[in-house]
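Participant: Structure provided below as C-alpha cells; questions to follow.
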Amino acid sequence: TPDKKFRLWLTSEPHAKFPSILLQSSLKITYETPPGVRNNLQRTFNYVTPSQDVQHTQLLFVLSWFHALIQERRKYIPQGWSKYYEFSFGDLKAGELTLSAIHAETKGGAPQWQKIFGILENAIYGGRIDNEFDVRVLRAYIERVFKDQILKGQEPLSGMIPVPQSANVRDYVGMINKVPEFDAPSLFGLPANIDRSVQRFNST
C-alpha cells in the first residue's frame with residue numbers, strides 16, 4: 001500500500017515508448033526551451049539518427065535546419081506565420097522516416113526532390129497549415145533548403161553555413177556551433193524592422 005506522502009519525480013526526454021497513461025495521470029511541468037536557430041538545431045539534431053552514409057546524414061541535417069527555421073519563424077507572428085502552428089517533434093521524426101525511406105529507394109543515387117517536396121508540403125508539415133499565404137511560405141522554404149547545391153556544399157544553408165561533406169557527426173555539431181546565438185530577421189527572409197511590428201502587435 002503506497003504511503004499518502006509518497007511522491008515520485010520523473011524527468012524524461014521525448015520518447016516514443018513513454019507510457020501515455022502515466023503521462024495523463026501525472027502532474028506535468030515543462031520548461032521553456034531557449035530560443036534561436038542554434039539552440040533549436042542542437043536539440044533537434046540530437047533526435048535524428050545519423051548513419052555512415054554521407055548523403056543520408058546530410059539530408060537529416062538539412063531536415064533539422066528546415067525544422068528549426070519554421071519553428072523559430074513563429075516568433076514573428078503575424079508576419080512570419082499568420083498564426084501559431086504546432087510544428088512538433090513528431091513532425092521531425094516523420095520527416096526523418098520519410099527521408100530515410102526515400103534515400104533507401106534511390107540506393108545512393110540523386111535524391112528524389114519532387115517526392116520529398118510533395119510529402120513535406122502536403123502531408124507532414126503542410127498538413128498543419130490552413131492558410132494559403134503560409135503554404136506559400138512553407139513551399140519556399142522547402143525549395144530553398146532541399147536541393148542539390150545545398151548537399152554538394154555549393155550553396156550555404158540560408159546564406160549562413162555549408163553542409164559538411166562527411167558522415168561524421170562531429171563535423172555537423174561543429175557547424176551548428178558556428179551559427180550565431182541570436183537570430184537576425186534576414187535569416188528567415190524577413191525585413192530588419194520586423195521586431196517593431198511584432199512588438200506593436202503583442203502590445204496591442
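The values are calculated or read from the model by the stated rules, or taken from the named source; none is laboratory data. In this text the structure is predicted, and so the values were computed from the model without any measurement. Cβ coordinates were reconstructed from backbone atoms using ideal geometry, including for glycine residues, and neighbour counts include every protein chain displayed. Ligands, DNA and RNA are stripped out before the accessible areas are found, and what is left, the full protein with its side chains, is counted by its heavy atoms. Shrake-Rupley method; radii C 1.70, N 1.55, O 1.52, S 1.80 Å.
Participant: Report the residue count in the stretch 115-131 for those that are among the charged types (D, E, K, R) and open to solvent by less than 50 Å² (accessible area, probe 1.4 Å).
Facilitator: Our first condition is that a residue be among the charged types (D, E, K, R); within the stretch 115-131, this holds for 115, 121, 128, 130.
Those still in the list that are open to solvent by less than 50 Å² (accessible area, probe 1.4 Å) too: 121.
Residues that pass the stated criteria total 1.
Participant: Scan the stretch 168-203 for residues that are assigned to a loop (DSSP other than H, G, I, E, B) and of a type in the set (A, V, I, L, M) and jot them down.
Facilitator: VAL179, ALA184, LEU190, ALA192
Participant: To continue, here is another question. Mind listing whichever residues of the stretch 102-131 are among the polar types (S, T, N, Q) and assigned to a helix (DSSP H, G or I)?
Facilitator: THR106, GLN114, ASN122
Participant: OK, next. With respect to THR11, is the statement that it is over 14 Å from the mean Cα position of the chain (by Cα), of a type in the set (Val, Ile, Thr) and not in a helix (DSSP H, G or I) true?
Facilitator: Working: over 14 Å from the mean Cα position of the chain (by Cα): yes; of a type in the set (Val, Ile, Thr): yes; not in a helix (DSSP H, G or I): yes.
It is true that THR11 is over 14 Å from the mean Cα position of the chain (by Cα), of a type in the set (Val, Ile, Thr) and not in a helix (DSSP H, G or I).
Participant: State whether the residues of the stretch 132-144 include one that is part of a loop (DSSP other than H, G, I, E, B) and either open to solvent by 60 Å² or more (accessible area, probe 1.4 Å) or modelled with pLDDT of 90 or more (or both).
Facilitator: Within the stretch 132-144, not a single residue is part of a loop (DSSP other than H, G, I, E, B) and either open to solvent by 60 Å² or more (accessible area, probe 1.4 Å) or modelled with pLDDT of 90 or more (or both).
Participant: Taking the criterion of being closer than 18 Å to SER51 by Cα, of a type in the set (A, V, I, L, M, F, W, C), in contact (Cβ under 8 Å) with a residue 40 or more places away in the chain and part of a helix (DSSP H, G or I), would at least one residue in the stretch 90-99 satisfy it? Give the derivation first.
Facilitator: In the first step, residues of the stretch 90-99 are kept if they are closer than 18 Å to SER51 by Cα; the result is 92-99.
Still in the running and of a type in the set (A, V, I, L, M, F, W, C): 92, 94, 97, 99.
Now drop any that are not in contact (Cβ under 8 Å) with a residue 40 or more places away in the chain, which leaves 92, 99.
With part of a helix (DSSP H, G or I) added as a condition, the list becomes 92, 99.
So far as the stretch 90-99 goes, yes, one or more of its residues are closer than 18 Å to SER51 by Cα, of a type in the set (A, V, I, L, M, F, W, C), in contact (Cβ under 8 Å) with a residue 40 or more places away in the chain and part of a helix (DSSP H, G or I).
Participant: Looking only at the stretch 45-85, which residues are at pLDDT below 90 and assigned to a loop (DSSP other than H, G, I, E, B)?
Facilitator: Listed by number, the residues that qualify are VAL48, THR49, PRO50, SER51, GLN52, ILE77, PRO78, GLN79, GLY80.
Participant: Just to be sure I understand the filter: pairs with C-beta atoms under 9 Å, separated by 6 or more residues or on different chains, first member in the stretch 1-27 and touching a residue at least 60 places away in the same chain (Cβ under 8 Å) and farther than 25 Å from ASP91 by Cα, second member surrounded by 10 or more Cβ atoms within 10 Å (Cβ to Cβ) and of a type in the set (A, V, I, L, M). Which pairs pass?
Facilitator: Pairs found: none.
Here is a yes/no grid of residues against (1) in contact with a helix residue (DSSP H, G or I) (Cβ under 8 Å, 6 or more places away or on another chain); (2) open to solvent by 100 Å² or more (accessible area, probe 1.4 Å); (3) acidic (Asp, Glu); (4) closer than 26 Å to GLU155 by Cα:
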position	(1), (2), (3), (4)
LYS4	no, yes, no, no
PRO19	no, no, no, no
SER25	no, no, no, no
GLN52	no, yes, no, yes
TRP65	yes, no, no, yes
ARG74	no, no, no, yes
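Participant: Also, I was wondering about something else. I'm checking my understanding of the structure. Among residues of the stretch 79-114 that are farther than 24 Å from ALA16 by Cβ and surrounded by 12 or more Cβ atoms within 10 Å (Cβ to Cβ), which one is farthest from the chain's Cα centre (by Cα)?
Facilitator: THR106
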